[in-house]
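The block underneath contains the structure these notes are about, expressed in structure tokens.
Throughout, read-outs are computed from the coordinates displayed, never taken from laboratory work. It should be emphasised that the depicted structure is a prediction, and the values quoted were computed from it without experimental measurement. Cβ: placed from backbone, ideal geometry, glycine included. Neighbour counts: every protein chain shown.
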Amino acid sequence: MFSDIGALELVTLVVLAVLVFGPDKLPKVIQDVSRFIRKVREFSDSAKEDIRSELGPEFKDFEFEDLNPKTFLRKQMEQNEDLRDLKELRGSFDLKKEMNDVADAVHGREPQPSAVNGSPSAGASSGAVTSANGTPDLLKKQDKRDDPGTAERPPYDSDAT
């Protein structure tokens, strides 16, 4: 209960208690507080036992700590076999590499090659920038000199806007 209270804090509490209650009333206050804490614990334990007995034998393993959402989710995730695949997928995703690629694209730097063979794909000849697996790379800018459609701007239509 008091595992996170240090020695200086405990001394400060004792000095404060002596100043507030006085040395003659302090033992009586300590007894009253400890009696109150004991009664609250007994009430809590009896309420838990009453709830367990009312729930029946199906819930004999029921723990009130399971009502904490974090504990409940942790237990459900450990029991679910489908989530093991999700953990493997999560382990294979490299967030740092993805963020570095995005940063390189934003700053106009050439990202490190992630292709296996390093050769450009067939889609690169049509003017579209593609990645190693043949999908369009939306992070890279197209070279406007290679794109024949940028030579002439389309007419501006004020009624369409």
| Neighbour cut-off at most 16 other Cβ (10 Å), DSSP loop, trypsin sites (Lys or Arg not before Pro), region 1-64 | LYS25, LYS60
| said: Once you order the gyration tensor axes a ≥ b ≥ c over the Cα atoms, which shape class does region 1-108 get: rounded for a/c under 1.5, otherwise prolate or oblate by comparing a/b with b/c? | reply: oblate
| task | Report the GluC sites (Glu not before Pro) located in region 38-90 that are in a DSSP loop and have at most 10 other Cβ atoms inside 10 Å of their Cβ, or state none. | result | GLU81
